[in-house]
Every structure is written in C-alpha cells, then in structure tokens.
1. Which residue pairs have Cβ atoms closer than 6 Å, lie 6 or more positions apart in sequence or on different chains, and pair a first residue in segment 65-81 that is within 23 Å of Ser356 (Cβ to Cβ) with a second residue that is charged (D, E, K, R) and in a loop (DSSP other than H, G, I, E, B)?
2. Show me the helices (runs of 4 or more DSSP H) found entirely inside segment 85-155 where at least 1 residues are within 16 Å of the ligand (Cβ to nearest atom), of a type in the set (Phe, Trp, Tyr) and under 27 Å from Lys333 (Cα atoms).
3. Confirm whether Asp245 is on the phi < 0 side of the Ramachandran plot and in the same structural domain as Gly220 (by TED's automatic domain parsing).
4. Which helices (runs of 4 or more DSSP H) does segment 282-360 wholly contain that include 3 or more residues that are in contact with a strand residue (DSSP E or B) (Cβ under 7 Å, 6 or more places away or on another chain)?
5. Restricting to segment 311-360, give me the number of residues that are polar (S, T, N, Q), buried (at least 17 other Cβ atoms within 10 Å of the Cβ) and more than 21 Å from Ser271 (Cα to Cα).
6. Of the conditions (1) surrounded by fewer than 17 Cβ atoms within 10 Å (Cβ to Cβ); (2) in contact (Cβ under 8 Å) with a residue 24 or more places away in the chain; (3) of a type outside the set (A, V, I, L, M, F, W, C), His87 fails just one. Which one is it?
Amino acid sequence: MKFNVHGGHNFKVQGASGCFSETKEDRNVKNLVIAKLQALGHTVYDCTDEDGATQSKNLVNIVNKCNAHSVDLDISIHFNASNGAGHGVEVLVYSDNSKAKPYAQNICNSVAALGFTNRGIKIRTNLYVLKKTNAPSLLVECCFCDNQGDANLYNAKKMADAIVKGIVGKTVEVKQEVTTVSPTPTAKAKSYLSNGDKGIAVKTMQTMLIAVGYSCGKYGADSSFGTGTTNALKKFQKAYGLTVDGKYGNKSKAKLESVYNAKTIQTTKKSNDDWVNRLNAEIKAQGFSTYPLVKRGAKGNITKLIQERLVSVGFSLKIDGDFGETTEAKVKKFQSNRGLKADGKVGEKTWEWLISGKSV
Ligand SMILES: [Zn+2]
C-alpha cells in the first residue's frame, strides 16, 4: 500500500506539552511508523513540515505535501492535551463514511491494548488536514502528553508498533533508535554518531540542534550527518564547553537533550502556566466564579488575555483588549480548526482549548 505520514506541528509553532513535548514525540513516533511500514514493503512519504512559521502555514504545507502523492491513506500523528485530566487514545476521521474509518478503529484498539483508555473514533469535519487531503485520512491522538499516567505508559516504539499493526495488521522490528521521554536503552553499533551516519538518531539530533539555534545547513533535519550537521554540532560543542570533535557521543547527547528540553518543554509549560495564572487572577479580580462567556463587544483584560493566547498559538492579531470584528473572526477560525462550533464566542469548550495551550 501507499501512505503519507506526518508528525503534527513543528518547532516554530509547537504542539502541546506537559509531561513531554508533543512536537518531539510526534516525530519519534512518525519516524518509527514510516520505518516500520517501509520495512514491511509499503511505499511511504514523510509529509512532515518543519518550515511553516504560523499554524496555518504549517497546515497548508502539510496538506500540499500530502496531496503531491496519490496514496491509500494519510496518517497524521499527534498527542492530545487537556490540562492533565484527559487520558487515552482517540483517532479522528473526517466523516462516518470515510474509508479511513476501519483503520482508525483498528488503531484505537491496538493502542488501547497497550493499556491506554480507548476513547474511540471521533468525527471531525472542521480539521484542516482531514478536510483538505485528497486521500482518506486519519489523525491519531496517540495519548495525552500532559497526563502523568499516559506519560508513564507511553513508549515511542510500542506506540509505533500499535499504529502500524492497526493499519496493516502486523508490525516489524527496525534497527533505529529514538529519543524517548523515559530512557530505554537500545543496543548501538558504535558509541557515537559522526559524519557519514544516517537514520532516525541523526534526524533527532538535527531536529534538536535546529530547535536550539544551530542550523544544520540547507537540507535541514534530513537524517544524513554531513558537513552542515558537523559544523552545527561543533558550534554547539564549543558553546557548551564540550570537546569540539564533531562526534555525537554520550556527553554531547546529554547536553543537547538538556538544552533542548529546557528550551522546549519547560519554557512552553512555564509560559502556559504563567498565562493560566494571570487569567485566573483576572477572572477572580473581576468577581467571576467561572470562566465567563466572552463575545463581540467585550473590552478589557480578559479579552486581552484571549488575544494574547490566540497570538501565542499562531494567529496574527492586535492585543488591544477590544473584542471587535477581527478578534471574533480569529476566534471563529480557532474554533473551526479544533472542530468546535465556530460561533466566535469564547464559551466553555473554547476556554478549555485556550487553557490547554495546544496549537491544534
Ligand atoms: Zn497536535
């Protein structure tokens, strides 16, 4: 069979976080899903987008890549988030008649067999990727990246196995490593990566180098350890007081992971917490006992916070505290991107999404 596979979001407009980074694990899982499907003899295209600097550009780029090939199924890999409370797997499809539906059900079942709650298939007619891709498509919300129970249970390799099994009925071992949240030691051919190496471990390193500000040259995170990557790694080693040898061994790896984690997971979490704290303080100061319904015509600090959040998940908007026509239009877009009723009013469901800090 032929497949398009992509990881959701990118490091410019990141997905959710909490116990781990969705964006990072989206990539670990999709790399393994691709490698496994290919090892089983299928044709697979990686339609992940690392370039789009806004949420909508990211989605447009993904769909363009998907629609450049004629395939049997488009597979989108995501992780869910809902302030720590939600847990389990769900798979989203465009309609009840979608040809992706049987695959979606199989994926739910095989991921649930790992111990995750089976939230089942969800029909989502408003999600850009499901709506705009030509082939039957499905979006896997593997589990919740902000739920401790799910995070404890989660392992990229097992998740990829379950997804592959759900799609083609079986899976296969591949000799490729991933950087997982909980360290799972794997046998390595040599103790470091260097110029000339290829594969997922190289790609993971490149993705992290790029995310912390070290460009790997014009090919980006292409899984191939060439001159651009060597130079980036040497600059990183120099900046962090490591031996400048262009070899990616344990010390460089540990340092890069810690710098990367500090930059992505913790900062995202912190800014999310900060926003939620300021919001809660404002809600309390204004005498509300719960999140109020905010709609066109509203003015003030709560509107300002809503606008700030919309900007942080990729919308371009003036943060002026005035809930006018533009803000209403952006709220509608925010809602439709998330499968909510696009009424332009910030009510309970919309608040939940705003508070989660998730970009899609
Ligand atoms: Zn996502």
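1. Between residues of segment 65-81 that are within 23 Å of Ser356 (Cβ to Cβ) and residues that are charged (D, E, K, R) and in a loop (DSSP other than H, G, I, E, B), the close pairs are Ala81/Asp146; Ala81/Lys358.
2. 128-132
3. yes
4. 301-312
5. Residues in segment 311-360 being polar (S, T, N, Q), buried (at least 17 other Cβ atoms within 10 Å of the Cβ) and more than 21 Å from Ser271 (Cα to Cα): 3 in total.
6. Unmet for His87, out of (1) surrounded by fewer than 17 Cβ atoms within 10 Å (Cβ to Cβ); (2) in contact (Cβ under 8 Å) with a residue 24 or more places away in the chain; (3) of a type outside the set (A, V, I, L, M, F, W, C): (1).
The values are calculated or read from the model by the stated rules, or taken from the named source; none is laboratory data. Only a predicted model underlies this, so the values are computations on that prediction, with no experimental measurement involved. Virtual Cβ from ideal backbone geometry, glycine too; neighbours counted across all protein chains shown.
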